[in-house]
Amino acid sequence: MKVVEEKNMHSLLDIRDLCISFERDGSGEKYLHAVNRISLRVDPGEIVGIIGQSGSGKTTLIMGILGLLRGAVPGVWRGEAFLDGKSLLPLCGEYAEEKSGGKIVKRNTPFQSAQEKLLGDLRGRDIVTIFQEPRAALDPYFRVGEHMLEALRRSRAPGGETELRTQGIELLQDVGLVDAARLWDLHPHQISGGMAQRVMIAMALCARPKLLVADEPSTALDVTTQAKLLELFRRLRDKHGLAILLISHDIGVIQEISQRVYVMRHGEVVESGETREVLENFQHPYTGSLVKAFAHFEHIPATSIANSDAVSLLEIKSLRKRFQQGDKSFWALDDVSLELREGETYALVGESGSGKSTLALSLMVLQTVNGGEVLYKGEDVLKADKKRMRALRREIRMLFQHPEAVLNPGMTVGAILSEGLEKDGEFTRNEIDQRISEVLDQVHLDPSHALRFPGNLSTGEKQRVTIARALITRPKLLVCDEPVSSLDLAIQAQIMELLREFQGRLGLTYLFISHNLQLVKLLAHRIGVMYMGRLVEEAPAGGFTTEGARHPYTRLLLASVPSMGDETSRSICAEFPDVEPVRLEGGCLFRNRCPWYLKSRNPECENKTPPLRNVLGGGKVACHLAGD
Amino acid sequence: MISPFLRILGKPGGYRMLLGGLLVFLLALVTITGTYWTRFKPDEMDFEHPLVPPKSAWLTRLTTTADGRKALMESHQNAAPSTSSSSVTEEGDDLLGALKEEEHPPTEASTAKVEFSALRDHGHVLGTDKNGRDMIALLVAGARSCFLPGLVACAVALGIGVPLGLFAGFYEGRWRMFARIFNGTLLSMPRMVLILVVICVLEPNVYITMAVLGATLIPRVSELIATRVRILSGMGFILAAKEGGLGDFRILTRHLFWYQNRAVFFIQFSLIMAESILTETTLSYLQFGTKPPDVSWGNIIEGSRLTFFSGQYWITFFPAVAIIMAILGFFYLGDGLNARLAYREGR
């Protein structure tokens, strides 16, 4: 035991050969090894990343050492975990010791309150955790200030309410919430996700922890907010010497910030080491599949760059949509015009709330609009009568973000697919069956899948079924609303490959909506950037770089994409003020975040809506200050 | 053959579903095929054998030897005159006959008579009532008269409640408002009072009564369906169905009703059947429902009111068992389905 403690002198968190297995059926014979012989080390002041796809055991590992898994499922534990030399597992209260072959076998035992209390103290003080969905982790009934006070009291901070309040506000300012005094009295639903995540971090910092465990902290956030959060992590490490264990499925995030990385798969660490070393000279094929998921895209030129003289297929003219939110209302789509040419991929990017999905739903006539035209081959889709609409719905199809939500769980795949054809009674049963096996083959699924229920399919297979569902009516235009963002990286690549294949073979036109800028660059011919319901820039894929971008917002988006310690991106990000996006009235909506406006205070930006004008290089931009 | 049943037993609610299903199946079978295999018609009065207990036909035959039967036959021939006199009395007022029966506890001779009539194979396996009507025929006819009005109640409750719920859940605005007012009005009236009022105003027809019962159940069904539909309408697959070009009618019937709410439909069906059987027998017992000479389990019991304590237990006992089994069957079926559904949705 002494030897062990000496070894731990310098590691903050030291996990050795940890196994967490769950009984599969309660018989004590079949086990699911959620965490299998994992050894992991975090040193003080170090940012360590764990990367792996969903189901690889990342979260189980963390919940396990924090004692948060208890009672969930009967499990068997093996191995050791130390925090600052203190053994964690006995505190987890998870085991009765049982010697077998020299190893300690740990089993769930009934609640042991004394140990639970010790662990609770440890959890709030030495290790703190922040979770993926910050607003879900904050109690909606408590104000931000009450959350902070509670966290401060819990960490046994001395002083009365006023002193604690000053302390709390200082902490909030420390994590970049400049407006902390105003925030103090707000409820969690009144602040943005990025702010909520910062509040969580400020609460975590109350106890002056040694280790911060961040479980997918930026997954639910926009790319710009994510960049700010990662910057904050870096600052906390430098300022407070905080060690951070960062769990993520996003290789960019890990690459950007962590010094060392552990690659997890099926509950095992397949590779570990210095981040740069691991990601550049990976040994394990799985790491390769993560790093190079999209590598083969780069070598294939985007299918036959759409000619500028290609026929226009879809034209959206000054589309407007107003949303009512309580007593406030705002333009979700404000005078958006764009044009899709036949056979091209037009990508729409922007932060959440920029109106991308609203645009998709509006042009699919799935919601009403407040004005404008959607011309499909010169015909206004919004004015089509019922019968014409049915015909149009066959030619314009849509892919949705969450395949599991789109497929009715009570229907077989075959029933889901045939529905699009059955409704008009034009096809015989035989023809429909033939079409089904044809499209299933096209999306590389076995025809036998037609008899299965969506519940029995993997997420990737489900998304293939939704693609088949769209293809079965032989569409011309496919509106893809974040079709891959809920999927794992490897499956994302497969689906993107599939979409690209169809474009080449069937001549499909895509309107591709995504917040993932890297993905968009690989697939799109032209890219439109939306901000607060307006199209602020349109650029050919080649000009979509931090240098080529005309609009400051596009530059911010591109610079926020995590990349391996890229100094220019970081310096561009630093130009922009750290403010939350607010809906402004009149003029340029971006001006409160725009470094150019803040420098020049151009009155035009305040009064006049910038028109979308042509610039050199074939793009368009809506900015008073951008050059030609 | 048996394995699917065994598989059901392993699931939550399985026992209840299987037991209930069996009872309901038996009831339905009896209702449909009853007229083909019953030996007597329910309105056929066997004046020779009133108030025959079930035991005599059933057990004597099993327990006595051929010689014993012969001896009994002989003793009957000696007692022949008494048989005719008793049947004459039965032709008179029913009530009087029953009272007479009470005044004169069965003598040795009458016991012999009864046992002999069993030997002559009068065929009343479960005995007869005071009019000499066969109990089995009565029970079968009673099953029919509680099953069919139950179906009427279900048809009204589900036939109006389900579409109303689907529309109110799917369309905002007018439909929802209409459903709210309609359901509110119905809920504001106590069920039994409403039924009794309708009976008083219209002629007391059991089908009308059951239709009224069904109407009082509309709010429950429609609100249940509307709430589910309201939640489901916001889900991706309804949006996707619209995107796929399906009309509202198809979305409502296929996606929202058949694939998402059919379980609710079947659960409600069995629960309403159980409730309507209970209501029908109650009303018939109170002489507001099925009127004699039409037969219902309720009015069989009502007719046996005076003979029950004089030892003719069977006239009350068998219909009561039938009522309990039928209601239990439907309740178990609904309950089991409910548990099964909750389990499925929980996954």
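Things worth noting here:
- Every residue from the stretch A:220-245 that is aliphatic (A, V, I, L, M) and within 15 Å of the chain's Cα centre (by Cα): A:Ala220, A:Leu221, A:Val223, A:Ala227, A:Leu229, A:Leu230
- The residues of the stretch A:116-143 that are charged (D, E, K, R) and in contact (Cβ under 8 Å) with a residue 24 or more places away in the chain, listed by number, are A:Glu116, A:Arg123, A:Arg125, A:Asp126, A:Glu133, A:Arg135, A:Asp139, A:Arg143.
- Positions within the stretch A:483-534 being β-branched (Val, Ile, Thr) and either free of Cβ contacts under 8 Å to residues at least 24 places away in the same chain or outside any helix (DSSP H, G or I) (or both), in sequence order: A:Val484, A:Thr509, A:Ile513, A:Ile527, A:Val529
- Residues (crowded, with 17+ Cβ neighbours inside 10 Å, assigned to a helix (DSSP H, G or I) and not small (Gly, Ala, Ser)) located in the stretch B:282-298: B:Leu283, B:Tyr285, B:Trp297
- The stretch A:136-193, residues that are in a helix (DSSP H, G or I), at pLDDT below 90 and small (Gly, Ala, Ser): A:Ala136, A:Ala137, A:Ala151, A:Ala180, A:Ala181, A:Gly193
- Pairs meeting the criteria (first residue in the stretch B:259-274 and at the interface with another protein chain (Cβ under 10 Å from one of its Cβ atoms) and over 16 Å from B:Pro219 (Cβ atoms), second residue outside any helix (DSSP H, G or I) and among the hydrophobic types (A, V, I, L, M, F, W, C), beta carbons under 8 Å, at least 6 apart or on different chains) are B:Tyr259/A:Met411.
- Scanning the stretch B:305-334 for residues that are out of contact with any Gly (no Cβ under 9 Å at 6 or more places or on another chain), more than 17 Å from B:Cys146 (Cβ to Cβ) and of a type outside the set (Phe, Trp, Tyr) yields B:Arg305, B:Leu306, B:Thr307, B:Ser310, B:Gly311.
- Among residues of the stretch A:337-350 being farther than 17 Å from A:Thr509 by Cβ and crowded, with 22+ Cβ neighbours inside 10 Å, the one that is modelled with the lowest pLDDT is A:Gly350.
- Residue within the stretch B:154-175 that is touching a Gly at 6+ places or on another chain (Cβ under 9 Å) and within 14 Å of chain A (Cβ to nearest Cβ) present: no
- The listed residue being in the same structural domain as B:Leu194 (by TED's automatic domain parsing), within 30 Å of B:Leu224 (Cβ to Cβ) and at pLDDT below 85, out of B:Gly311, B:Gly298, B:Gly289: B:Gly289
- Every residue from the stretch A:134-150 that is surrounded by 17 or more Cβ atoms within 10 Å (Cβ to Cβ) and either under 24 Å from A:Thr225 (Cα atoms) or of a type in the set (Asp, Glu) (or both): A:Pro134, A:Arg135, A:Ala137, A:Leu138, A:Arg143, A:Val144, A:Gly145, A:His147, A:Met148
- Index of the failed condition, A:Met389 passing every other in (1) outside any loop (DSSP other than H, G, I, E, B); (2) under 32 Å from the mean Cα position of the chain (by Cα); (3) within 14 Å of chain B (Cβ to nearest Cβ); (4) closer than 30 Å to A:Leu338 by Cα: (2)
- Subset of the stretch B:233-258 [more than 7 Å from chain A (Cβ to nearest Cβ), surrounded by fewer than 19 Cβ atoms within 10 Å (Cβ to Cβ) and either within 38 Å of the chain's Cα centre (by Cα) or touching a residue at least 60 places away in the same chain (Cβ under 8 Å) (or both)]: B:Ser233, B:Asp248, B:Phe249, B:Thr253, B:Trp258
- Residues that are assigned to a helix (DSSP H, G or I) and either buried (at least 18 other Cβ atoms within 10 Å of the Cβ) or not charged (D, E, K, R) (or both), drawn from the stretch A:423-432: A:Asn430, A:Ile432
- Screening A:Ala541 with (1) over 23 Å from the mean Cα position of the chain (by Cα); (2) under 25 Å from A:Glu256 (Cβ atoms) gives one miss only, at (1).
- Counted residues, the stretch A:573-611 - those being over 20 Å from A:Gly176 (Cβ atoms) and touching a Ser or Thr at 6+ places or on another chain (Cβ under 8 Å): 3
- Index of the failed condition, A:Gly425 passing every other in (1) on the phi > 0 side of the Ramachandran plot; (2) modelled with pLDDT of 90 or more: (2)
- Flag: B:Ile225 does not match the condition of being within 14 Å of chain A (Cβ to nearest Cβ) and among the hydrophobic types (A, V, I, L, M, F, W, C).
- Pick from the stretch A:191-204, criterion over 16 Å from A:Leu230 (Cα atoms) and in contact with a helix residue (DSSP H, G or I) (Cβ under 7 Å, 6 or more places away or on another chain), ranking: surrounded by the fewest Cβ atoms within 10 Å (Cβ to Cβ): A:Ile191
- The set of residues from the stretch A:548-572 being more than 18 Å from A:Gly533 (Cβ to Cβ) and either among the aliphatic types (A, V, I, L, M) or buried (at least 19 other Cβ atoms within 10 Å of the Cβ) (or both) comprises A:Ala549, A:Arg550, A:Arg555, A:Leu558, A:Ala559, A:Ser560, A:Val561, A:Pro562, A:Met564, A:Ser569, A:Ile572.
- Applying the condition of being assigned to a helix (DSSP H, G or I) and facing chain B (nearest Cβ under 7 Å) to the stretch A:394-417 and asking which residue is farthest from the chain's Cα centre (by Cα) yields A:Arg394.
- Checking the stretch B:209-223 against the condition returns a match, with at least one residue being at pLDDT below 90, under 20 Å from the mean Cα position of the chain (by Cα) and either over 18 Å from B:Phe269 (Cα atoms) or hydroxyl-bearing (Ser, Thr, Tyr) (or both).
- Residue check, A:Gly420 within 36 Å of the chain's Cα centre (by Cα) and either surrounded by fewer than 18 Cβ atoms within 10 Å (Cβ to Cβ) or more than 12 Å from chain B (Cβ to nearest Cβ) (or both): no
- Check on B:Pro219, more than 14 Å from chain A (Cβ to nearest Cβ), more than 27 Å from A:Lys387 (Cα to Cα) and not in a helix (DSSP H, G or I): no
- Top-ranked residue in the stretch A:359-408 [being crowded, with 23+ Cβ neighbours inside 10 Å and touching a Phe, Trp or Tyr at 6+ places or on another chain (Cβ under 7 Å); ranked as nearest to A:Ala310 (Cα to Cα)]: A:Ile396
The values are calculated or read from the model by the stated rules, or taken from the named source; none is laboratory data. All of these numbers come straight from a predicted model, not from anything done at the bench. Note that each Cβ is placed from the backbone with ideal geometry, even for glycine, and that neighbours are counted across all protein chains shown.
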